[in-house]
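The values are calculated or read from the model by the stated rules, or taken from the named source; none is laboratory data. Being a predicted model, the structure only gives us computed values, none of them experimental. Methodologically, a virtual Cβ is constructed for each residue, glycine included, from the backbone with ideal geometry; neighbour enumeration extends over all protein chains shown. Keep in mind that these areas ignore ligands, DNA and RNA; they rest on the heavy atoms of the full protein, side chains included. Shrake-Rupley method; radii C 1.70, N 1.55, O 1.52, S 1.80 Å.
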Amino acid sequence: MSQQLVSATRALDGVSDTPRLDAELLMAHALGLSRNELLLRARDLATPPDFEALLQRRLLHEPVAYIRGYQEFWDLTLAVTPATLIPRGDSETLIEAAIGYFRDSEPPTRILDLGTGSGALLLAALSVFHGAEGTAIDASLDALAVAQANAERLGFGNRARFLRRSWRDAGWADDLGHFDLILCNPPYVETDAELAQQVRAHEPASALFAGADGLDDYKLLIPQISPLLATGGVAIFEIGLGQDAAVTQLAMAQGFTVQPHRDLARILRALSLSKPVSG
């Protein structure tokens, strides 16, 4: 099997930035093993017959997460489909920011996830804040079905509810109430941005693109956040590279105090929006 991994890695060179990793993940998936198990037993295992079909899908730029049907995020394994954006490690910055915000205060009891997709942010937050309940919205019924199934499988079904809502519709938030923590990874890619083929051709455009400057959804959402925040609460938004100044300006115009957060690559990846608590 080791030779098949070498051949697959060579074939994927030019298709993927991580050809060896992709080959190993697909081989492990075909064998029903974890990648670590594969690496420990590689010399003793035969290549399964369906590995070649998985490799051919990857050679057509289909993301590994969609081929396997799942993606790791935080310490959770989440089902994903082409109806959902693939959760990325960069988005864990929002969870880290939430932990930091509530480190010296009472933890949140009500959490809202705007544009939940696979449910990644909400379910990660519920795994951290054990006493919290969450609400997640998404405009896609297919995405909501994936998120709901993830919540049930991971044991969060009784703490999470999923609603079909779009922040582009009038009155979408009227009956939601107030939240201590709001999480949002909105679309923020410029319409004409150059993206890897595996992203542009396979991931949902509605979760990626947000107008010529990538700011359309921030312009819609940020003015609507204040009525949803409980006293002392915080809204944490993911942002794209170089969008910190523009989004900060939008938030400050609404009276928010803004705190930036960097991801592991030291890129500004999230902004916390809060308002002073009056004494």
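In the set (1) touching a Lys or Arg at 6+ places or on another chain (Cβ under 8 Å); (2) over 24 Å from Ala265 (Cβ atoms); (3) open to solvent by 40 Å² or more (accessible area, probe 1.4 Å), Asp90 fails one condition alone, (2). For the stretch 107-120, the criterion of a residue being in a helix (DSSP H, G or I), touching a residue at least 60 places away in the same chain (Cβ under 8 Å), in contact with an Asp or Glu (Cβ under 7 Å, 6 or more places away or on another chain) and open to solvent by 10 Å² or more (accessible area, probe 1.4 Å) is satisfied by no position. Among residues of the stretch 266-279 being among the small types (Gly, Ala, Ser) and free of Cβ contacts under 8 Å to residues at least 24 places away in the same chain, the one that is farthest from Tyr188 (Cα to Cα) is Gly279. Within this structure, Asp142 fails the test of being free of Cβ contacts under 8 Å to residues at least 12 places away in the same chain, over 21 Å from Leu271 (Cα atoms), open to solvent by 50 Å² or more (accessible area, probe 1.4 Å) and not β-branched (Val, Ile, Thr).
Condition check ((1) of a type outside the set (Ser, Thr, Tyr); (2) closer than 30 Å to Cys184 by Cβ; (3) at pLDDT 95 or above) across all residues:
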position: Arg10; (1), (2), (3): yes, no, no
position: Ser16; (1), (2), (3): no, yes, no
position: Gly32; (1), (2), (3): yes, no, no
position: Arg35; (1), (2), (3): yes, no, no
position: Pro48; (1), (2), (3): yes, no, no
position: Leu76; (1), (2), (3): yes, yes, yes
position: Thr81; (1), (2), (3): no, yes, yes
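In this entry, Ala201 is excluded by the filter for residues that are within 30 Å of Leu59 (Cα to Cα), under 17 Å from the mean Cα position of the chain (by Cα) and open to solvent by 10 Å² or more (accessible area, probe 1.4 Å). Of everything in the stretch 224-279 that is touching a strand residue (DSSP E or B) at 6+ places or on another chain (Cβ under 6 Å) and of a type in the set (S, T, N, Q), the residue that is nearest to Ile95 (Cα to Cα) is Ser272.
Scanning the stretch 18-54 for residues that are outside any helix (DSSP H, G or I) and within 14 Å of Gln3 (Cβ to Cβ), which turns out most open to solvent (accessible area, probe 1.4 Å)?
Looking at residues that are outside any helix (DSSP H, G or I) and within 14 Å of Gln3 (Cβ to Cβ), I get Ala46.
The set of residues in the stretch 145-177 that are part of a loop (DSSP other than H, G, I, E, B), touching a residue at least 24 places away in the same chain (Cβ under 8 Å) and surrounded by fewer than 13 Cβ atoms within 10 Å (Cβ to Cβ) comprises Arg168, Gly177. Only a single item in (1) in contact with a helix residue (DSSP H, G or I) (Cβ under 9 Å, 6 or more places away or on another chain); (2) more than 26 Å from Thr81 (Cα to Cα); (3) free of Cβ contacts under 8 Å to residues at least 40 places away in the same chain is not met by Ile225, and it is number (3). For the stretch 221-272, the tally of residues that are part of a helix (DSSP H, G or I), over 23 Å from Ala132 (Cβ atoms) and of a type outside the set (A, V, I, L, M, F, W, C) stands at 4.
For the stretch 210-220, a tally of residues being in a helix (DSSP H, G or I) and crowded, with 22+ Cβ neighbours inside 10 Å returns 1. All conditions in (1) open to solvent by less than 20 Å² (accessible area, probe 1.4 Å); (2) closer than 19 Å to His261 by Cβ hold for Leu229, with the sole exception of (1).
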